[in-house]
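The values are calculated or read from the model by the stated rules, or taken from the named source; none is laboratory data. The model shown is predicted, which means the values in this text are computed figures rather than measured ones. Glycine also receives a Cβ, built like all others from the backbone with ideal geometry; neighbour counts cover every protein chain displayed. Areas reflect the complete protein model, heavy atoms only, side chains present, ligands, DNA and RNA absent. Shrake-Rupley method; radii C 1.70, N 1.55, O 1.52, S 1.80 Å.
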Amino acid sequence: MNKVTCFTLFGLVLFATECFLPSMEIMPADNVADEGFVSIFDGRTLEGWRSVPADNLKDWSVRDGILVAKGSENKLVYLVYEDEQLADFELKLHYRMVTKGNSGVEIRGRADKSGKRPFEGYHADFGHVGIGPKVLGAWDFHFASREEYDCQRGTSLVIDPDGKTHRTQINGALTEDDLNKHDWNRLHIVARGNHLWFSINGKPASEFTDSKPERLTSGIIGLQIHDAEMVVEFKDILLKKFGTEPNQDIFSAKPIWSSGTGNSGGDGIARFIDFDKDGELDFVTSAPDPRRWVLYRNEGGQFAKKPFWESNETTDCDRIDVLDFNHDGWQDLTVMNDSPEFLDAVAMGDDP
């Protein structure tokens, strides 16, 4: 498996770890080896799977090594895999939309006690070509007890612990031109910790990081039928589980980068931002003596010892936000504190 190397920030000392962060480019599925994957569909029977609702089992059949799903009613129907407490995993499969319709894969699902849907969970959505970006390539949030966030095709969504959201566009994201109409398409889903993403035909579709305390950490995998008379087919369903042993070597023992003396520290607040839109995550933080804001540029995964940009001297900081508030296509910075003035500084982004 080819992993994306990202950086985890601890007081401006970076340790390498193998994980997935928002706005990082997703490796095409074709470049991911099948090592560690096991087949969870035998191509002959529905052994290891169950229908929800149970009386819709007739909607699922196997023909010539292909799992065939045909909707008999206008309601949500799922085929659920037997391991119903899956946490971190990769799932790969091929799907084919024989007719128009809405389908997808439910991730970390649990029974919806409200009756709104069979399951609450995260839903990797797909359907026929032309159904639109709110379905094809989107993440749906199926919840009765919390907000159902919008994460359309091409979106990288970050949900803060307080529910505040940040959205950016994924470079090289999936388009309808990348899809095989009425033919087989390759789906690849990765769920690791609070970050979930998926791709279709090797192109990143959408991703999100859910930091809300009530986020789901495990649950079912379910293939979905959405509409009456729709037909969708599946094959080559492969699953790889990630271990949860407490002594895993998650981080490198030594930092791979640290800032220069006097160029960091401050209030201990930092934000990742692709300010120059080159596909690499840069980050901005505070520095002391004099107190100011500094930005370190990421050049091919390497950070310099000295900042790429520094602000004028400022005051204490309680919060920093990144947004394009003047709609010129470049990310801006707002720095806030608890003083009566509240807004302490604004740094206008521009073409570097």
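Worth a mention:
- Loop-located GluC sites (Glu not before Pro) in region 118-158, at most 12 other Cβ atoms within 10 Å (DSSP): GLU147, GLU148
- Accessible area of region 170-247 belonging to carbon and sulfur atoms, whole % at 1.4 Å probe: 43 percent
- Two-decimal Rg to Rh for region 186-232 - Kirkwood Rh, Cα set: 1.05
- Over 23 Å between alpha carbons, listed pairs LYS70/LYS113; LYS100/LYS235; LYS75/LYS100; LYS92/LYS203; LYS203/LYS235; LYS70/LYS181: LYS70/LYS113
- Scaling the Cα radius of gyration of region 47-205 by the globular reference 2.2 N^0.38 Å produces a ratio of 1.04.
- Descending semi-axes in Å of region 113-193, equivalent ellipsoid built from Cα gyration tensor: 24, 17, 11
- Whole-Å distance, taken between Cα centres, linking region 105-136 and region 211-234: 5 Å
- Accessible area in the full protein assembly, largest first, 1.4 Å probe, for ARG50, ARG291: ARG50, ARG291
- In this view, the solvent-accessible surface of VAL322, computed with a 1.4 Å probe and all protein chains in place, comes to about 20 Å².
- Span per principal axis, largest first, for the Cα atoms of region 150-191 (Å): 42, 20, 16
- Distance between modelled label sites at ASN312 and GLU214, nm, 7 Å Cα→Cβ extension: 4.5 nm
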